[in-house]
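Structure first, commentary second.
Read-outs throughout are calculated quantities, based only on the coordinates presented, and are distinct from any laboratory measurement. This is a predicted model, so every value here is computed, not measured. Virtual Cβ from ideal backbone geometry, glycine too; neighbours counted across all protein chains shown.
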Amino acid sequence: MCYVIITSASLVWFLCSLLADMLFAVALVTPKWLVGPTPVGQLSSKSSSVGIYTRCKVMLERGYHCGRFDLDGLFTDSSVYPGEWKAAMFFASLGFVLLSVTVMLTLLTCCRQAACGKSIHNLTACAQVVAGISVMLALFLHPLGWRADRVQRLCGPEAEPFYPADCSIGISFYCGVIGVLLTFIAAGISLKAESSNMRSRVRRRVEAGSKLVCIP
């Protein structure tokens, strides 16, 4: 029989997973991992910045210009795209894809609790932990590339791993950090969501023939 079970724990689990996934997406596509200083005498508050694979430049002729790095894949010369950033891009993308899949699985658990004899809640929680670790690795690898010429032109020659010199950490980096924390929290909530779906009140409603069970 087809039925849908919605509990407060499963709803919080879904929303937490969705929010973390959105934060990962923001961290991936926005160029605010490192923000350069505002040039002296510039009227605009905008500054040049770099992200995990995008960048923005303040240009006298063209104003404020944003775009992707000129990439030809992971084998691009490291002087253009630091090797540490290539690895960070890989792990961040892996984490985003995994977490996106788990968001779909959180919806599946409303009508199915197991697959091939395995708890979907547990499988999803494991995938979320792997996603969180992947993005955490990306957050660690990105600062290792701060000795690159691109970063030193933006932040000053003193820039080195984990020391951005004249630059500041941008909102995109913090979105990644918050996303990782929410991902681990979501993995923990999955255990509560599974137990709430198996409560006696839920089983009685299902046995009574209810196709939609909403339990706070």
Legend entry - Other-chain or far-sequence residues with amide H under 5 Å of A165's (modelled H): E160
Inset, instruction - Starting from the Cα-Cα distance between I171 and L107, subtract it from 0.36 nm times their residue separation and give me the gain in nm to one decimal. - result: 20.1 nm
Legend entry - Integer Hz, Karplus 6.51/-1.76/1.60 couplings in order for segment 134-139, x for Gly and Pro: 4, 5, 4, 4, 4, 5
Inset, instruction - Could you list which residues have their amide H under 5 Å from that of T7, counting only those 5 or more apart in sequence or on another chain, with H placed in the peptide plane? - result: I215
Legend entry - Residue-by-residue Karplus 3J(HN,Hα) for segment 13-20, coefficients 6.51, -1.76, 1.60, Hz, glycine and proline x: 4, 5, 5, 5, 5, 5, 5, 4
Inset, instruction - Give the calculated FRET efficiency between M22 and N122 to the nearest 0.05, with a Förster radius of 30 Å applied to their Cβ-Cβ distance. - result: 0.80
Inset, instruction - Just grab the label-to-label distance for R147 and I178, each label 7 Å out from Cα along the Cβ direction, in nm (one decimal). - result: 3.3
